[in-house]
Amino acid sequence: MKHYTSIHDIDNINSWIEEAKTLKSNPLKHLELGRNKTLGLLFFNSSLRTRLSTQKAALNLGMNPIVMNVSGDAWGIEFGDGTVMNGKTAEHIKEAAAVVSQYCDIIAVRAFPTLTDKVKDESEEVLNAFKKYASVPLVNMESATGHPLQALTDAITISEHAKKTRPKVVLSWAPHIKALPHAVANSFTQAMQKMDVDFVITNPEGYNLSPDVVGNTSVVHDQEEAFKDADFVYVKNWSSYENYGKVLNTDPNWMITKEKLGDAKFMHCLPVRRNVIVEDAVLDSDSSLVIEQANNRTYAAQLVLKKILESNN
Ligand code: CP
C-alpha cells in the first residue's frame, strides 16, 4: 500500500481489524520497523485525537514524528496552477510538497472543506496536491470529504463490542449550532458498507449525504424507527449536502437521549458538544464507547503506518 487516503485503500476490512487487534495486544512489537524513519504531520486545522494518536502510533513503531500547524506557522501555500502569486500565498504546493518529502518518509495531512464550494471540496484540492507533488506516501488525517483513520477506528471498536455476528448499526444525524463537514459520516458509511452489519442511516429531510456515498444504504427520516433493535448508534452532525454547507435544522428532538438509545451502545468520534448532540446521561453511562474509540485511534493509525512501512521497505 503506497497511500492511505480513503477507506477504499483497505483491501479486506476484516483482516485489517484482526491485525489492529493484534497490534493493540502488543503495541511495541514492531519498534524496529520505523527506526530512523520520520513521519511529518501537517495540520491545516485543529485536532486533539488525530494529532496525538498518530504521533503515538509512530512512536510505537519506532518512528520520529514531526508536527507543523501549517495554517498558523507556515507560509501561505498556493494550490492553483499558473497563479500569479501576488496575493496572500507565498509558496507553491509544488515546492512545499517536494521540500517536505525530503524531510519525511511519510506525510500525513489534515485539511478540512470550505463548505462553501462543493466542487472544490469534492476535488480534494489539498490532499490530491500533496499526493501529486510529494514523493513519499501520504496519509489522510481528515480531508474535505473523508476521515478514513476515524472510520477504521470505528470498525475496530464495533468488532470489539459486537455481541452478535451481524449487529445493527445506525448512523444518526444530531443537531449542532455550526456547519460541520461530511467527512466522518462519509467514511463511516463506507466502512460499514464493507462490514457484515445491518446498516441504516437516519437524518432529517434535506440532510441526505452524497448519493455517491450512500449508494444502496437505507436512509430513514424517522429516528425512532431507525433506532429499533439497534446494537450501535453512531452519532454525528453534518451540514446539508443538498443545500451545500448550510445549517437547515437545529431541532433538539434529534439529540440523543438515554431513553432513545435503549440497550444500544453510543459512538461518536469526538469532540462532542454535551446536551446539544447527546445528553450527559448517555456520555456518563456504560453505554458510551467514545473513550474506547479514542483509544483505538492509536491502533488504527499504527496499522496504517505499519502497512505503508512494510510496503515501502
Ligand atoms: N475525531 C477526531 O478526528 O478528533 P480530532 O479532531 O480531535 O483529531
Review point. All but one of (1) out of contact with any Lys or Arg (no Cβ under 8 Å at 6 or more places or on another chain); (2) among the charged types (D, E, K, R); (3) over 24 Å from residue 294 (Cα atoms) hold for residue 105; which doesn't?
Key: (1)
Check your understanding: Conditions: (1) under 15 Å from residue 185 (Cα atoms); (2) not in a strand (DSSP E or B). Residue 247 meets all but one. Number of the miss?
Key -> (1)
Review point. Can we say residue 42 is assigned to a helix (DSSP H, G or I) and within 20 Å of residue 150 (Cα to Cα)?
Key: no
Review point. Just for strands (runs of 3 or more DSSP E) wholly inside segment 135-238: which have at least 2 residues that are under 20 Å from residue 6 (Cα atoms) and either within 16 Å of the ligand (Cβ to nearest atom) or without any contact (Cβ under 8 Å) to a residue 12 or more places away in the chain (or both)?
Key: 138-140, 232-236
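Quick one: which residue in 107, 93, 77 is crowded, with 19+ Cβ neighbours inside 10 Å, touching a Leu at 6+ places or on another chain (Cβ under 6 Å) and among the aliphatic types (A, V, I, L, M)?
Working: 93 fails: touching a Leu at 6+ places or on another chain (Cβ under 6 Å); 77 fails: touching a Leu at 6+ places or on another chain (Cβ under 6 Å).
Unique residue meeting the criteria: 107.
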Review point. Hey, among 47, 53, 15, which residue is part of a loop (DSSP other than H, G, I, E, B) and either within 13 Å of the ligand (Cβ to nearest atom) or not basic (Lys, Arg) (or both)?
Key: 47
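Of the residues that make up segment 290-312, is at least one more than 22 Å from the chain's Cα centre (by Cα) and in a loop (DSSP other than H, G, I, E, B)? Please lay out each step first, then the result.
To start, the set of residues in segment 290-312 that are more than 22 Å from the chain's Cα centre (by Cα) comprises 310-312.
Remaining after also requiring in a loop (DSSP other than H, G, I, E, B): none.
No, because not a single residue in segment 290-312 is more than 22 Å from the chain's Cα centre (by Cα) and in a loop (DSSP other than H, G, I, E, B).
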Review point. In segment 56-95, what residues are among the small types (Gly, Ala, Ser), more than 16 Å from the ligand (Cβ to nearest atom) and in contact with a helix residue (DSSP H, G or I) (Cβ under 8 Å, 6 or more places away or on another chain)?
Key: 74
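If I go through segment 278-312 residue by residue, how many of them are among the β-branched types (Val, Ile, Thr) and within 13 Å of the ligand (Cβ to nearest atom)?
3
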Check your understanding: Just one of the numbered conditions (1) assigned to a helix (DSSP H, G or I); (2) closer than 28 Å to residue 33 by Cα; (3) not acidic (Asp, Glu) is not true of residue 119; which one?
Key -> (2)
Exercise for review: Please determine, by comparing only the residues of segment 269-283 that are touching a strand residue (DSSP E or B) at 6+ places or on another chain (Cβ under 9 Å) and either at pLDDT below 95 or farther than 17 Å from residue 184 by Cβ (or both), which one is surrounded by the fewest Cβ atoms within 10 Å (Cβ to Cβ).
Suggested key: 280
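One line per residue, one yes/no per condition, for (1) in contact with a Ser or Thr (Cβ under 8 Å, 6 or more places away or on another chain); (2) not aromatic (Phe, Trp, Tyr):
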{"position": "155", "(1), (2)": "no, yes"}
{"position": "174", "(1), (2)": "no, yes"}
{"position": "178", "(1), (2)": "no, yes"}
{"position": "199", "(1), (2)": "yes, no"}
{"position": "202", "(1), (2)": "yes, yes"}
{"position": "220", "(1), (2)": "yes, yes"}
{"position": "223", "(1), (2)": "yes, yes"}
**Study point:** Residue satisfying condition, being under 25 Å from residue 49 (Cα atoms) and either surrounded by 22 or more Cβ atoms within 10 Å (Cβ to Cβ) or not small (Gly, Ala, Ser) (or both), within set 227, 266
**Key:** 266
Exercise for review: Among residues belonging to segment 63-74 that are touching a Leu at 6+ places or on another chain (Cβ under 8 Å) and in a strand (DSSP E or B), point out the one that is nearest to residue 111 (Cα to Cα).
Suggested key: 68
Review point. Filtering segment 171-202 down to residues that are in contact with a Lys or Arg (Cβ under 9 Å, 6 or more places away or on another chain) and of a type in the set (Val, Ile, Thr), which residue is nearest to residue 215 (Cα to Cα)?
Key: 200
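The values are calculated or read from the model by the stated rules, or taken from the named source; none is laboratory data. Just so it is clear, the structure is predicted and the values come from calculations on it, not from any experiment. For neighbour counting, all protein chains shown are included, and Cβ atoms are generated from backbone atoms with ideal geometry for every residue, glycine included.
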